[in-house]
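Colleague: What follows is a structure written as structure tokens; I'll ask about it next.
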Amino acid sequence: MLQTVSVVLVVLATAAGVALLTRGVVAIVRQVGLGRPAPGRLSPAGARAWTTVREILGHGHFRGRPAVRAAHWAVMVAFPLLFLTLVTGYGQLLDPAFALPLIGHLAPWEWLVEVIAWLSLAGIVVLIAVRQRRQPRAGADLLARRRSRFFGSTRWQAYVVEAVILVVVLCVLALRGLEYAYYATDAGLARFATAVHFPLTAWLGQLFAGASPAALADAITVVAAVKIVVSMAWLVVIGLQPTMGVAWHRFLAVVNVFARREPGGGPALGPLEPLRVDGRPLDVAALEDLPEDATLGVGTIGDFTWKGLLDFSTCTECGRCQDQCPAWNTGKPLSPKLFTLALRDHAAATAPFLRAAGGAAPLSPEELSAASLAGADGFVPHTGDVLGALAAAGATGPAGVAAAPTALVPDVVDPDVLWSCTTCGACVHQCPVDIEHVDHILDLRRHEVLMASAFPAELGPMFKKLESKGNPWGMAARKRLEWAKGLDFEVPVVGADVESAAEVDYLFWVGCAGAFEDRARRTTRAVAELLHTAGVRFAVLGDGESCTGDPARRAGNELLFQMLAAQNVETLAEAGATRIVVTCAHCFNTLAREYPQLGGHYEVVHHTQLLNRLVREGRLTPVAPPAGEARPVTYHDPCYLGRHNQVYAPPRELLGALPELEVTEMPRSGETAMCCGGGGARVWMEEKIGTRVNAARAREAAATGATAVATACPFCTTMLSDGAAANGDDVEVLDVAQLLLAGVRRGQER
């Protein structure tokens, strides 16, 4: 009777689980399939497959969390490896002694099962403890709850997943113990009841010594049934909840990592993806053939590529992105996690109607009910989306009034969320499943700027100055060489003093800040003097130089970027430039990583890289002051030098070569460094919500006891100087080149 009841329950549970899992898979595939093309995301297949295996098995994205990394790895590998124990459970319902053919009693397989089972048990306990310790506490104020990376995550879904894993692993171990005890009571199976076949559960089986074979057989049947029913119940839940990323990510993450932007494994940072129209990159040449009805950027959920929609479905709600976001940590409304979840739920709620509008199969009653009444996790879709899609399919809304599909901004994503982003890339860098938050935010910005003309008021004048003067300060081009006045050597200009940049070692790209902003000018002069001292031949473009276009592109004005970039690529080609040195991290990223999209290929080095090499070669020799204590200094990593381009060591090595400095790292440094607040064109926008990012970062620097903050980007110098002044901190902000120059000058004076 017990066996019959167990079999019936398992058959029903399995049928329901498989059917609803299939339903969930179909829903996700249909939803992702609504996205626009994402060229190049599936090739080269070999490189992508190897990267996927390496990233998943290596768990490389669990940076700075060794315990969580080990625990999650154990739970992850248990899912496929212990699947065969589920298959074994079906056989045990009919025969308690059932074992898989060939490998069922193979000692290496049994050892693997038991090791993985115990490791996954320890792993899930650790993950449960981490979640409970960091869970936002009921009754705590909003600020306290916001500090938890699980703030905004769907709590019950995580509890379901954790409970299922815990129960299933306990069942696996309990079955192993029961099998040992059962085998010991059977003369034909007793040879398997040894530590060779039960290396880590024989002791558990001995706890059942004395039980009758019938009782042990019944226990095996019950535990096997429980394991299967719980597993199938999990399939039922996730099948009914296609937006349950904390469960679905174990399937979708493989595809998402495979389809990542960089086939070789790098994060989706550095260069921004080109704006595409009908799958083709938009550049200046393509503007003439641009269709009048073309959509630029992302305005509605259907404008995302299929990779974007896959990103949203893959989110695990772990909150690592939120934990690192400088906007969120300073009281802004932007959370990369909540941004992703809002788009995920919106996509799930509207996908069935969008399919109907596109001429797909009619909506089933289940789809209509799920989308219009509940959406995802109780999310109620916006009426505009539902009525607009139905109207396009030949239906109308109340009283026959049809509405257009909902604009993502402001109906789904608040403008303050969109414009709070500094594009620092911390979210992308931390995401364990390769979600490309920055690309999606900037695609929304592109639509707002180019299609809706909706952007912060401060950006309008900046755009006009870039367009008319070629720099965001609106200064005349003839003033680009004023920084060189007073130097005791001549700075050669390409086209005037040298015919081509090929005649010198490097073209020195000064940049707009380096030419016009007083604090950045000091860095420019310092670099020029150091290069001259080291005997490095260099030249500049003078008034032929123009803004690289980084502020325009990060603000969403892709057309202005294309105009500026095309002009610069042409200028650099005429100048014969192949080797370029820059002082601005943003210029470095644009020239080295983005201009190749327009055909501009150069060898670009950041000034800290070049100066560090010159010091190592002995061409620059810094000397300590005659007497005095060491000066405490801390280094701030520019986001577009560090996270976006992985240049961490050269600036630190330079500081280490200065004998008078005592360098102390901030708590958030290197890969986890906090942004200065100036990226993403934020340096041109007022910060009106929460704490200023630059003030928070300057306070963190001052807390180290440093009297000087060294950095390697003019934006960072400006932002941190202003932040320190606002805080009243007695901290000097200097570029690494300025500190090096002081040491080199001391050596020359001897």
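Colleague: With unit charges on the beta carbon (Lys/Arg positive, Asp/Glu negative), name the residue among V5, V113, A573 whose Cα is farthest towards the positive pole of the charge dipole of the chain.
Modeller: Positive-end residue among those listed: V5.
Colleague: Which of the cysteines in the chain are isolated, no other cysteine C-beta under 4.7 Å?
Modeller: Cysteines lacking a close Cβ partner in the chain: C171, C315, C318, C325, C421, C431, C512, C547.
Colleague: What is the packing order of peptides 95-105, 662-672, taking the mean over residues of other C-beta atoms within 10 Å and listing the highest first?
Modeller: Ranking the peptides 95-105, 662-672 by packing returns 662-672, 95-105.
Colleague: Distance between the C-alpha centers of the range 677-720 and the range 94-137? Whole Å please.
Modeller: One Cα centre to the other: 47 Å.
Colleague: If you don't mind, another one. Ignoring ligands, DNA and RNA, what percent of the 1.4 Å accessible area of the range 229-344 is carbon and sulfur?
Modeller: Solvent-exposed carbon and sulfur of the range 229-344 make up 58 percent of the total.
Colleague: Here's something else I'd like to know. Select from N612, C318, F339 the residue farthest towards the positive end of the dipole of the chain; place +1 on Cβ of Lys and Arg, -1 on Cβ of Asp and Glu, and compute about the Cα centre.
Modeller: C318
Colleague: Listed highest first by mean packing, meaning other Cβ atoms within 10 Å per residue, what order do 533-539, 53-59 come in?
Modeller: The packing order, highest mean first, is 533-539, 53-59.
Colleague: Another question, then. Rounded, prolate or oblate: which one fits the chain, using the alpha carbon gyration tensor with axes a ≥ b ≥ c (rounded when a/c is under 1.5, else prolate when a/b beats b/c, else oblate)?
Modeller: prolate
Colleague: Further question: Looking at F208, L290, V255, which one has the Cα that reaches farthest to the positive end of the dipole of the range 185-293 (charges on Cβ: Lys, Arg +1; Asp, Glu -1)?
Modeller: Of F208, L290, V255, it is F208.
Colleague: Could I ask something else about it? With only Lys, Arg, Asp and Glu charged, each at its Cβ (+1 for the first two, -1 for the last two), find how big the charge dipole of the chain is about the Cα centre; round to the nearest 20 debye.
Modeller: In total the dipole reaches around 1400 debye.
Colleague: Taking the Cα centre as origin and putting +1 on Lys and Arg beta-carbons and -1 on Asp and Glu beta-carbons, what dipole magnitude results for the range 513-666, to the nearest 20 debye?
Modeller: Charge dipole of the range 513-666: 200 debye, to the nearest 20.
Colleague: I would also like to ask the following. Filter K307/K464; K465/K688; K337/K464; K307/K688 down to the pairs with a C-alpha to C-alpha distance above 28 Å, please.
Modeller: K307/K464; K337/K464; K307/K688
Colleague: Only Lys, Arg, Asp and Glu count, each charged at its Cβ (+1, +1, -1, -1), so figure out the dipole size of the range 55-195 about its Cα centre, rounded to 20 debye.
Modeller: Roughly 1240 debye, rounded to the nearest 20.
Colleague: For the range 159-216 and the range 632-674, what is the separation of their C-alpha centers, rounded to whole Å?
Modeller: Going from one Cα centre to the other spans 54 Å.
Colleague: Sticking with this one: DSSP loop (so not H, G, I, E, B), at most 14 other Cβ within 10 Å: list which GluC sites (Glu not before Pro) in the range 464-506 pass both filters.
Modeller: Sites meeting the loop and neighbour criteria: E490, E499.
Colleague: Hey, what's the range 489-621 come to in accessible area per residue, 1.4 Å probe, Å²?
Modeller: 33 Å²
Colleague: At what distance in nm do the modelled label points of E499 and D141 sit from each other, each positioned 7 Å from its Cα along Cα→Cβ?
Modeller: Reported label-point gap for E499 and D141 is 7.1 nm.
Colleague: Ok, one more. Highest first, please rank the peptides 676-682, 88-94, 717-723 by the mean number of other Cβ atoms sitting within 10 Å of their residues.
Modeller: Most protected by this proxy first, the peptides run 676-682, 717-723, 88-94.
The values are calculated or read from the model by the stated rules, or taken from the named source; none is laboratory data. These numbers were taken from a predicted model, which means no experiment stands behind them. Glycine gets a Cβ as well: all are built from the backbone with ideal geometry, and neighbour counts include every protein chain shown. Ligands, DNA and RNA are stripped out before the accessible areas are found, and what is left, the full protein with its side chains, is counted by its heavy atoms. Shrake-Rupley method; radii C 1.70, N 1.55, O 1.52, S 1.80 Å.
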